[in-house]
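Read-outs: derived from the displayed coordinates by stated rules, not from any lab. Just so it is clear, the structure is predicted and the values come from calculations on it, not from any experiment. Positions of Cβ are backbone-derived with ideal geometry, glycine not excepted, and every protein chain shown enters the neighbour counts.
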Amino acid sequence: MPPNRSAQAYPVEEFLQALSAQLDRAQDALALKARTGRPLTFALKDLSVELKVFWEVAEGRLVLRHAAPNEEGASVVHFSFTTITRAMVEENTFSLALEDDPRGIGDLGGHDVLDEYDRRKLELVGVRTVGQFKRLMHGADPRQMEALIGTPVDRLRMALERSSAPVVTGNEVLQRPDGRPLLKIRGANLAGSTRPRVRLSGEAVEVLDAKPHEILVRPMSHHVEGVIEVHAPEGVAEGFFDLSQVRAPAAKPAVAAGNGSPHATPEVDSREVRA
Amino acid sequence: MIAFDAFLPSLLESLALGSGDERDGLSLAVTEVEIEIPIEHRLSAEGLHAEAPGTRLVTGFKSHSGRMRARFCEDGGED
């Protein structure tokens, strides 16, 4: 974690992440002793630490600095850690896979929309993705949100407008067993109540499946690379596709080594494209 | 001071976690250890650095000791 410019002070969450990583390493070190032939090994079950620190505010963030010798007035902060199971971690962790719009708030634009200070304030209320931002703003009066978050209503409206615009963030080539590739287009706001129209290199292609965050299309046999256009209800999003990696073996049908069955497992060529 | 991830195992390493030999007819093994000690600490980019305070050395500097309590259990054992 980068140190604060003025002092050896660190944001609380970064310090806790670093400390958690240290506890993981300590646990690994204890577990390694079992491999050296020791009959008894130990694991760290609970830990609490009481630290003498000073709280400071740097660039709008609360940071911790340890008390130096002879420095009076330090605060005492207690951290308690206990072991938790993988199931408990998963239960309490935000799943990006379930988020319908996992873009970061920063993807909504630069300082003209939400600046660093606004993003930090949104993080403080638990908003880190565009999907969370949309849920926060859904049905809310932007003026009330201005009063709550402190971000000017014009910028909130602009951010909300941008958050609902369709965008292509990437695509993935799925190769079917028969050798024909399908193109999975990822993004946000790509589909609504009506099915979007998709064009590859200017030609309409069949849309097999459409969800707000991904669309599955069937490229034509001559499509190799070009522009993706998704005509969604809220506008048009563009990106680029490249099927050249799968088109070359398609000309000469590939045979999987060993069992002689063509393309025993679907191949995936994944790439990120910033629109 | 040393990194906290090295400090914790070294604390455990410093303890005798058993005594006697089965061949003598009796042996004792420790199955749970709880250590509560004062620590001198420093925050760093890697997390925490710590050491046990040098209580016998008077330096003229009054260090701000923190405190830590760690409970180690036999691996695989129930709490």
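Mind ordering A:20-29, B:9-18, A:44-53 by average Cβ neighbours within 10 Å, highest first? Display every interim value, and only then the final one.
On the way: A:20-29: 16.4, B:9-18: 14.1, A:44-53: 19.7.
So the order, starting with the most tightly packed, is A:44-53, A:20-29, B:9-18.
By the scheme Lys and Arg +1, Asp and Glu -1, what is the net charge of all other residues having a beta-carbon under 9 Å from that of residue A:8?
Details: positive: A:65, B:42; negative: none.
Charge balance in the 9 Å sphere: +2.
Search the structure for amide H atoms under 5 Å from the amide H of residue B:44, placed 1.01 Å from N in the peptide plane, and list their residues when 5 or more places away or on another chain.
Here the answer is B:49, since their amide H atoms fall under 5 Å of that of residue B:44.
For every other residue with a beta carbon closer than 13 angstrom to the beta carbon of residue A:19, add +1 if it is Lys or Arg and -1 if Asp or Glu, then tell me the sum. Don't skip to the answer; put the middle values down first.
Working: positive: A:25, B:42; negative: A:13, A:14, A:24, B:5, B:46.
Net charge around residue A:19: -3.
What is the calculated FRET efficiency for residue A:140 to residue A:224, with r their C-beta to C-beta distance and R₀ = 45 Å, to the nearest 0.05?
Working: r = 46 Å, r/R0 = 1.03.
Efficiency computed from Cβ-Cβ geometry: 0.45.
When Cβ neighbours within 10 Å are restricted to other protein chains, what is their mean count per residue of peptide A:18-28? Let's see the in-between values first.
Values: counts 7, 6, 1, 3, 10, 6, 1, 8, 11, 4, 2.
The mean count of partner-chain Cβ atoms within 10 Å per residue comes to 5.
Please list, ordered by chain and number, the residues whose modelled amide H lies under 5 Å from the amide H of residue A:46; skip anything fewer than 5 residues away on the same chain.
For residue A:46, the qualifying residues are B:71.
Tell me whether segment A:106-226 comes out rounded, prolate or oblate; compute the Cα gyration tensor, take square roots of the eigenvalues as a ≥ b ≥ c, and use a/c under 1.5 as the rounded threshold. Display every interim value, and only then the final one.
On the way: a/c = 3.03, a/b = 2.79, b/c = 1.09.
Verdict is prolate for segment A:106-226.
Testing the spin-label approximation: label points 7 Å from Cα along Cα→Cβ at residue A:112 and residue B:10. State their distance in nm.
With each label point 7 Å from Cα toward Cβ, the separation is 5.6 nm.
Highest mean first, how do A:229-240, B:40-51 rank when packing is the count of other Cβ atoms within 10 Å averaged over residues? Show your work: numbers first, answer last.
Values: A:229-240: 17.4, B:40-51: 19.1.
Going by the mean number of other Cβ atoms within 10 Å, highest first, we get B:40-51, A:229-240.
In straight Cα distance, which aspartates and glutamates are under 15 Å from residue A:52, not counting same-chain residues fewer than 8 positions off?
Reachable aspartates and glutamates: A:71, A:72, B:40, B:51.
Below 18 Å, Cα to Cα, which aspartates and glutamates can residue A:45 reach? Residues fewer than 8 away in the same chain don't count.
A:24, A:28, B:5, B:13, B:32, B:34, B:36, B:74, B:75, B:78, B:79
Which order do the peptides A:68-77, A:166-175 take when ranked by the mean count of other beta-carbon atoms within 10 Å per residue, highest first?
Details: A:68-77: 11.9, A:166-175: 20.8.
Packing proxy ranking, top to bottom: A:166-175, A:68-77.
Which shape class applies to segment A:104-162: rounded if a/c is under 1.5, otherwise prolate when a/b exceeds b/c and oblate if not, where a ≥ b ≥ c are the square roots of the Cα gyration tensor eigenvalues? Let's see the in-between values first.
Values: a/c = 1.23, a/b = 1.16, b/c = 1.07.
Rounded.
Using θ = phi - 60° and the Karplus relation 6.51 cos²θ - 1.76 cosθ + 1.60, list the HN-Hα couplings for segment A:152-157 in order, rounded to whole Hz, with x at every Gly or Pro.
x, 4, 4, 6, 5, 5
Whole-Hz ³J(HN,Hα) for each residue in segment B:28-34, computed from phi via Karplus 6.51 cos²θ - 1.76 cosθ + 1.60 with θ = phi - 60°, x for glycine and proline: what do you get?
The phi angles translate into 10, 10, 7, 10, 8, 10, 10 Hz.
With θ taken as phi - 60° and the coefficients 6.51, -1.76 and 1.60, list the Karplus ³J(HN,Hα) couplings across segment A:229-240 in order, rounded to whole Hz; mark glycine and proline as x.
10, 10, 8, 9, x, 9, x, 10, 10, 10, x, 10
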